[in-house]
Amino acid sequence: MTYRKSPNLMLAQAVQMLEQADRLHRQFFQLSPHPSRGPTWEPPADIFETATHLSVVVALPGVAPDRVEVLIDGGTLIVVGERPMPAPASTHIRRIEIPYGRFERRIELPSGQFEIQESSLANGCLVLTLRKL
């Protein structure tokens, strides 16, 4: 005998899962009224490696170059900055899906020594070339 869930039960479970995902999204991407409390979001990154270089691409659409800092601390690449809210504070916000505020991304580097050779922010992506020493 096979067991099949009714379509109504499956729909109710799907709606419940979507609501839970929405709550988690709001929890992790909420705006912080106190910027000193640390980063409010973490941008996604891709890493590519060759024999002599490491290329790191960090997605930062809407972030001005003067709002980004990059440094290597020990074996960690650190990208910090801020994407300011584009709307005035008195605006009634209907929906926010794009994270705003302070961000930080820490990327553990492979063993070895690296230096930042090139850095550019274009088309919404920070592209870093790290030279292996």
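The values are calculated or read from the model by the stated rules, or taken from the named source; none is laboratory data. Treat the numbers as computed from the prediction; the structure is a model and nothing was measured. Note: ideal-geometry Cβ built from the backbone for every residue, glycine included; neighbour counts use all protein chains shown.
Just a few scattered comments:
- Residues in the range 101-133 that are among the aliphatic types (A, V, I, L, M) and loosely packed, with under 13 Cβ neighbours inside 10 Å were compared, and the one that is farthest from the chain's Cα centre (by Cα) is Leu133.
- Looking across the range 56-82, the residues that are closer than 15 Å to Ala122 by Cα and surrounded by 13 or more Cβ atoms within 10 Å (Cβ to Cβ) come down to Val56, Val57, Val58, Ala59, Leu60, Val63, Arg67, Val68.
- Members of the range 122-133 that are of a type in the set (A, V, I, L, M) and modelled with pLDDT of 95 or more: Leu126, Val127, Leu128, Leu130
- Restricting attention to the range 38-55, the residues being surrounded by fewer than 18 Cβ atoms within 10 Å (Cβ to Cβ) and either among the β-branched types (Val, Ile, Thr) or part of a loop (DSSP other than H, G, I, E, B) (or both) number 7.
- Residue in the range 83-97 that is buried (at least 16 other Cβ atoms within 10 Å of the Cβ) and under 30 Å from Ala21 (Cα atoms) present: yes
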